[in-house]
Amino acid sequence: MGMFYRMAEQKIVEAMAKGEFDDLQGAGKPLVIEDLSHVPEELRMSYKLLKNAGILPEELQLQKECVQLRDLLHACREAGEQQQISRKLTEKSLRLRMLLEERGLNASSVFYEYEPAVRKRLEG
């Protein structure tokens, strides 16, 4: 074993002895391991950073807006307003498709499986 491994192990043992790990958030609970296999490898770290910061990637934000606009369109009864919402939905959908193609996500059907989760989050 390398010198750094031994030093790190020693620091961990010392911290455990001092009780520095006793009150950590999530202590005693199983780890939640995120499956990012549907995200291209080169984007995984940036997605993780955005998620931890509470920021949606642009394509998910666009998808969320499309879901909201579809729901609004179904609830709307005025023709003029329907046309305006429909135009916005078309613009957002086109931008989403272009973005997905740009990032190589359009070939993955997994991306579209987010919609139920987005709907659930909007309702909650």
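Out of Ile33, Ile12, which single residue is assigned to a loop (DSSP other than H, G, I, E, B) and open to solvent by 60 Å² or more (accessible area, probe 1.4 Å)?
Ile33
Name the residues in region 51-65 that are outside any loop (DSSP other than H, G, I, E, B) and without any contact (Cβ under 8 Å) to a residue 40 or more places away in the chain, would you?
Lys51, Asn52, Gln61, Leu62, Glu65
Exactly one of these conditions fails for Val32: (1) over 18 Å from the mean Cα position of the chain (by Cα); (2) modelled with pLDDT under 90; (3) on the phi < 0 side of the Ramachandran plot. Give me its number.
(1)
The values are calculated or read from the model by the stated rules, or taken from the named source; none is laboratory data. Since this is a predicted model, take the numbers as computed values, not measurements. Cβ: placed from backbone, ideal geometry, glycine included. Neighbour counts: every protein chain shown. Surface accessibility is based on the protein's heavy atoms, side chains included, excluding ligands, DNA and RNA. Shrake-Rupley method; radii C 1.70, N 1.55, O 1.52, S 1.80 Å.
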